[in-house]
Amino acid sequence: AYCLRQLSYQRQFSEQRVLFGEQITLSLAVENAKLLPLPWLEIEDTVPRALTMTGQHTRVSIVGETAVLENLFSTRWYERVTRRYTLQCNARGVHKFGPTRLRSGDVFGFISNEESLENWQYLLVYPLVVPLTRFSLPARHPFGDRRAPRRL
């Protein structure tokens, strides 16, 4: 039960609002603020399935409309470990990250402790902006060439 005490987990985006097609960095940080080292710490973070994620330790399981990013950390005493992933934002809208499940225990696996964090975060992806010239609208009549028979 002591293994998850004085342990902090943080998820951070390089940008909170991005345009469609841009890439951002997602940073996951674990800080062990106690004298006892953690031989293993399993973190399952719920992420949107619509965003493509790449990184060195990427292991994603698909669960319905969401995905679970699985990480295995090992920390020494008073150590902070950070992992960075690249998110390709190819789906517009508001994307919800969270909740997170932390699980750790002793070296031999006899004792384990689990905790859920309700750490919701949101990423806003704006739609792709395209120039109006691609739609072949006549410049002389941008609202059409006929008048409505009645006024508003």
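The values are calculated or read from the model by the stated rules, or taken from the named source; none is laboratory data. Remember, predicted model here, so these are calculated numbers, not experimental data. Don't worry about glycine lacking a Cβ; one is built from the backbone with ideal geometry, like all the others, and counts go over all protein chains shown.
Miscellaneous remarks
- Segment 4-31, residues that are touching an Asp or Glu at 6+ places or on another chain (Cβ under 9 Å) and of a type in the set (Ser, Thr, Tyr): SER8, TYR9, THR25
- If only residues of segment 41-54 that are farther than 18 Å from TYR126 by Cβ and in contact with a Phe, Trp or Tyr (Cβ under 9 Å, 6 or more places away or on another chain) are counted, the one that is surrounded by the fewest Cβ atoms within 10 Å (Cβ to Cβ) is THR54.
- Among strands (runs of 3 or more DSSP E) entirely within segment 62-114, having at least 3 residues that are touching a Leu at 6+ places or on another chain (Cβ under 7 Å) and polar (S, T, N, Q) singles out 66-75.
- Residues located in segment 19-40, provided they are surrounded by 18 or more Cβ atoms within 10 Å (Cβ to Cβ) and either at pLDDT 95 or above or of a type in the set (Lys, Arg) (or both): ILE24, LEU26, LEU28, VAL30, ASN32
- Residue match in segment 75-90 (condition: more than 17 Å from SER27 (Cβ to Cβ), surrounded by 13 or more Cβ atoms within 10 Å (Cβ to Cβ) and touching a residue at least 60 places away in the same chain (Cβ under 8 Å)): yes
- Criterion: β-branched (Val, Ile, Thr) and part of a loop (DSSP other than H, G, I, E, B) - qualifying residue of VAL125, VAL130: VAL130
- Filter pass, GLU42 being under 27 Å from ARG5 (Cα atoms), part of a strand (DSSP E or B), of a type outside the set (A, V, I, L, M, F, W, C) and touching a residue at least 60 places away in the same chain (Cβ under 8 Å): yes
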